[in-house]
Amino acid sequence: MNRIFDRRISRLINSGHQHLLNHGLKGLEKESLRIAEDGLIVQAPHPTALGAALTHPYITTDYSEALLEFITPPFPDLRETRAFLQDIHQFVYDNLDGDELLLATSMPCGIPSDESVPIADYGSSNIGRMKHIYRCGLAYRYGRTMQSIAGAHFNYSVPSGMWPLLQDQENNSDELPAFIASRYFDLLRNLQRSDWLILYLFGASPAICKSFLNRRNELCQCFEEFDRYTFYKPYATSFRMSDIGYKSSTQSVLHISYNSLDEYVASLTQAIETPYPPYEEIGVRFDGEYRQLNNNILQIENEYYSSVRPKQPIESGEKPTLALKRRGVRYVEIRSLDINAFDALGLTPDTLYFIEALVLFCLFQESPTIEPKEQKAIRENLLAVAYRGRDPNLVLRRNDRTVPLRQWALEVSDSMRGICEMLDAGHTDKPYTGALETQIEAIRDPERTPSARILVEMRANNESFAAFAQRISEQHRRWFKSRRLNPARTREFETMAKKSMQQQQVIEAKEEIPFDEFLERYFAQS
């Protein structure tokens, strides 16, 4: 792809330290909507047997009380990461009410009205109230239905032992933390440039229930009718990542800079501190009850619906932007993965191996800063692939010219071969190279992509998207119900659940400052 990439890879190989690539830490976050056997979203609260959503390290909720979120620890071996995710799923299925199951798709079904999506509750503590009010603000701003969309996040931390080596090879004299932050933002910019490829290969939401649009006629006209219950587009890959998915028209005008850590924090902070007239009309409080945390463009950092994020674990009550400023970037979060309905965990092993190799490809690639013109092209490419990524005539914009999607995708894939071969060292089954070959086949034959396979199954079974999602979800439930979790792991999760409940009780029992003061102090951090 370029001489800088080749030079960096050659230096790594010549140093004899390419084995360090295998020590990157990989974690996963995966959301799943709880639905009942009748296909409707569950109204029951978060199951007590799963612990407290506020304090449990691995099982929590996202926007809705019905939207579970599973979080794995980071592992150097993706097999361990995926095995932990499977154990979480198994424990959850062992403790769900008998008629509940986890929806196998990203786009929600069984939501008769916006009000039918219950907002997550985190208890009476100040931090619990803040998390709930933030979600109330999302409901007022964007509606509840949008917040019930599920996705998966791939978290990656560059091997710590690689940073001094990379800095030495670049003859860089900065303090190591500054060098690390700079290279992480190089990586993030290249991930943005490559995000369309993730949608093409792993997008799995080419259809939606008509009820999702809640009779928004101006949007309904943009789609084709699959059947009386379903909208679709014939070449769509990911409605979740389109402008009807987990997006905001308000945020589309934001320019959050990924050109450096300082610019990222400054631009994000400005959005958090800038009032927005339509949100001022909602009001922060009404009749003494909070409607939102504030009336700014973003209530907090997490409201920014980006496809990639720099991350640093936060301390209790710490703002994420301050954590980044104080301690730099610990890992990157890739947020554009749909839930794959054809896998019981929603993420196939091939997907994970390919994403890890893509992340490292982006790390070693040259990464110029992103100016407004390129940012516009990145957004247009992403939207084009979301709506018609499998169109054989689709062209994307790259460096002021157009290029066919297939050509660009094959160029990227071919350049990833060396990285996959290095990652495969010590693996007799060559999982990274195998995953790469699988995706090259899907580039050459779009019918192999998950988005195409979903439409094929819906046609073959003469079923709506909701019927497809329900059928696959029930298949996954039967699979988990036929298995048993290791007794030691069961005891471990049961202990975690009880401990999390106790931790929430301790937090709520503490004498706290008034909530208004708590909120004021939180936003005053600098």
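Read-outs: derived from the displayed coordinates by stated rules, not from any lab. Every value quoted in this text rests on a predicted model; they were computed, and no experiment measured them. Virtual Cβ from ideal backbone geometry, glycine too; neighbours counted across all protein chains shown.
Using the charge dipole of the chain (Lys, Arg: +1 at Cβ; Asp, Glu: -1 at Cβ; taken about the Cα centre), state which of G16, G110, Y232 has its Cα farthest towards the positive end. Most positive-ward Cα: G16.
Computed from the C-beta positions of S124 and D77 and an R0 of 41 Å, the FRET efficiency is 0.50 to the nearest 0.05. By the rule of a C-alpha distance below 23 Å, with chain neighbours fewer than 8 residues away ignored, the lysines paired with K233 are K210, K247. Derived scalar couplings between HN and Hα for segment 150-161 equal 10, x, 10, 10, 10, 9, 9, 10, 4, x, 4, x Hz in order, rounded to whole Hz, by the Karplus curve 6.51 cos²θ - 1.76 cosθ + 1.60 (θ = phi - 60°), x for Gly and Pro.
Rg to Rh ratio, segment 24-97, alpha-carbon atoms and Kirkwood radius? Before the final figure, lay out each step's value.
Working: Rg = 12.9 Å, Rh = 12.9 Å.
Using only Cα positions, Rg/Rh for segment 24-97 is 1.00.
Here the extension length gained between R448 and V403 equals 14.0 nm, from 0.36 nm per residue of separation less the Cα-Cα distance.
Projecting label points 7 angstrom from Cα along Cα→Cβ for E315 and Y522 puts them 1.8 nm apart.
Exposed loop sites, defined as GluC sites (Glu not before Pro) outside DSSP H, G, I, E and B with at most 12 other Cβ atoms within 10 Å, are absent from the longest region of the chain, namely 316-510. Here the residues C136, C222, ranked from fewest to most Cβ neighbours within 10 Å of their Cβ, fall in the order C222, C136. Is segment 403-526 rounded, prolate or oblate when judged by the Cα gyration tensor, a ≥ b ≥ c being the square roots of its eigenvalues, rounded requiring a/c under 1.5 and prolate requiring a/b larger than b/c? Since a/c reaches 1.5 and a/b is larger than b/c, the shape of segment 403-526 is classed as prolate. Would you list which lysines come within 28 Å of K481, measuring only between C-alpha atoms, while excluding same-chain residues fewer than 8 positions from it? Partners found: K26, K30, K498, K499. Scalar couplings 3J(HN,Hα) for segment 448-460, obtained by applying the Karplus form with A = 6.51, B = -1.76, C = 1.60 to θ = phi - 60°, are 8, 6, x, 5, 5, 4, 4, 5, 4, 5, 4, 5, 4 Hz; x denotes Gly and Pro.
Ignoring aspartates and glutamates fewer than eight residues from K376 along the same chain, the ones with Cα atoms less than 17 angstrom from its Cα are D195, D243, D400. Shape index of the chain: Rg/Rh, with Rg the Cα radius of gyration and Rh the Kirkwood radius from the inverse mean 1/r over Cα pairs, equals 0.94.
Treating only the Cβ of Lys, Arg, Asp and Glu as charged (+1, +1, -1, -1), what charge dipole size does segment 3-524 show about its Cα centre? Round to the nearest 20 debye. Working shown, then result.
Values: 61 positive and 71 negative charges, 165 e Å.
Dipole about the Cα centre, nearest 20: 800 debye.
A crude spin-label estimate for the pair D97 and E508, with each label 7 Å from Cα along the Cβ direction, gives 2.0 nm.
What shape does segment 466-526 have by the C-alpha gyration tensor, where a ≥ b ≥ c are the square roots of the eigenvalues, rounded means a/c under 1.5, and otherwise prolate means a/b greater than b/c and oblate the rest? Present the calculation step by step, with values, prior to reporting the outcome.
On the way: a/c = 4.27, a/b = 1.86, b/c = 2.29.
Verdict is oblate for segment 466-526.
The modelled label-to-label distance between T48 and R7, using points 7 Å beyond Cα along the C-beta direction, is 6.4 nm.
For segment 315-451, the mean projected area of the C-alpha convex hull, equal to one quarter of the hull surface, is 11.4 nm². The orientation-averaged projected area of the convex hull spanned by the Cα atoms of segment 199-349 comes to 12.7 nm². Applied to segment 169-175, the Karplus parametrisation 6.51 cos²θ - 1.76 cosθ + 1.60 on θ = phi - 60° returns per-residue 3J(HN,Hα) values of 5, 8, 6, 8, 9, 5, 4 Hz, with x for Gly and Pro.
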